[in-house]
């Protein structure tokens with residue numbers, strides 16, 4: 001076996017070594033001690049094309065071999081393990097599955113920007129019986145909407161759209177709907193919304209999807225009690241919220257004023273633009289129509305959902321209450337049965353990390 005490196009492999013190793021000595025090594029001790037994640041360094045690494053090392057040139061890659069990629073990750077780890085892990089997660093957990101199993105349309109849309117370094121990949125894990133899985137959501141949508149026909153069940157239609165956006169295969173979607181409609185056994189999921197008050201009187205609503213309401217209620221009561229709040233009866237805080245459709249769109253290569261006019265023309269109530277994205281608020285009845293209209297006009301939908309928006313807010317200034325509120329929200333969001341958490345805390349940015 002020939003253990004000598006090829007010219008391409010030597011080139012990648014030298015390029016990464018130079019990058020490591022000039023950009024990673026200086027300040028590594030301080031960054032590591034302070035638990036700092038330097039996004040600027042990550043951006044520079046991606047601009048070098050390291051994420052596309054072994055992918056074909058037609059997808060924006062360098063067309064090298066897998067060994068070149070392995071050597072790249074190994075060389076980065078000599079200088080900064082965190083940066084090395086970032087690259088390996090971006091490539092192995094995000095780009096590679098798309099390359100191996102994605103359609104040509106998905107490769108053009110997602111793989112190319114990953115290889116070219118204009119996007120950084122992210123991944124998430126779920127379990128078949130967890131409350132956040134697509135099967136559970138579709139089952140509840142069929143039962144609550146009273147129909148397995150998306151044309152006659154707007155809630156099911158929205159859930160199917162989200163499942164497709166997350167690349168759930170059509171066969172899986174159809175099988176889940178048939179089971180929920182009675183053409184097979186299905187888990188008895190229930191959608192239950194719990195209400196209560198957090199520290200300092202912050203109103204909290206928790207939407208759950210559960211196959212065991214006793215377990216879920218006990219868990220939530222424990223979280224509230226432990227963190228200075230209390231789980232209340234149904235309706236105790238619901239009057240402080242109103243249901244709205246909340247749609248986040250990307251403003252990359254888009255004019256904010258034009259996007260606002262498009263959203264309002266589509267039936268939106270409000271439009272709040274940031275530097276890179278905008279939040280659109282709609283009536284629940286117009287929610288699906290506005291999403292469809294913005295998609296048809298070429299806007300990238302970053303997220304969309306029906307949310308409970310507080311009509312009044314509560315500001316916490318006590319450090320202990322802020323700490324307790326942060327722990328309550330973390331506990332709720334870590335629970336598999338919890339789908340959404342809405343609250344009236346005004347200064348969420350002050351919660352300790």
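Throughout, read-outs are computed from the coordinates displayed, never taken from laboratory work. Remember, predicted model here, so these are calculated numbers, not experimental data. For neighbour counting, all protein chains shown are included, and Cβ atoms are generated from backbone atoms with ideal geometry for every residue, glycine included.
Distance between the 7 Å Cα→Cβ label points at residue 269 and residue 21: 6.1 nm.
Using bins of 10 Å that start at zero, the share of Cα-Cα pairs per bin across the stretch 194-283 amounts to 15, 31, 21, 24, 10, in whole %. For the stretch 14-85, a Kirkwood hydrodynamic radius built from all Cα pairs, placed in the Stokes-Einstein relation at 20 °C and 1.002 mPa s, yields a translational diffusion coefficient of 169 µm²/s. If R0 is taken as 45 Å, the Cβ-Cβ distance between residue 258 and residue 30 corresponds to a FRET efficiency of 0.55. The simple Förster model, with R0 at 25 Å and r as the Cβ-Cβ distance, assigns residue 233 and residue 313 a FRET efficiency of 0.65. Rounded to two decimals, the Cα radius of gyration of the stretch 199-346 over 2.2 N^0.38 Å is 1.20. The eigenvalues of the Cα gyration tensor, multiplied by 5 and square-rooted, give the stretch 1-133 an equivalent ellipsoid with semi-axes of 25, 22, 13 Å from largest to smallest.
Look at 222, 35 and count the other Cβ atoms within 10 Å of each Cβ; fewest to most, that gives 35, 222. Counting every other Cβ atom within 10 Å of each residue's Cβ, 213, 23 order from fewest to most as 213, 23. Evaluating kT/(6 pi eta Rh) at 20 °C and 1.002 mPa s, with the Kirkwood radius of the stretch 71-115 over Cα pairs in the Stokes-Einstein relation, gives 192 µm² s⁻¹. Expressed as a whole number of Å, what is the distance separating the alpha-carbon centroids of the stretch 190-239 and the stretch 1-77? About 47 Å separates the Cα centre of the stretch 1-77 from the one of the stretch 190-239. Across the stretch 192-251, Cα pairs under 8 Å and at least six residues apart give a relative contact order of 41 percent.
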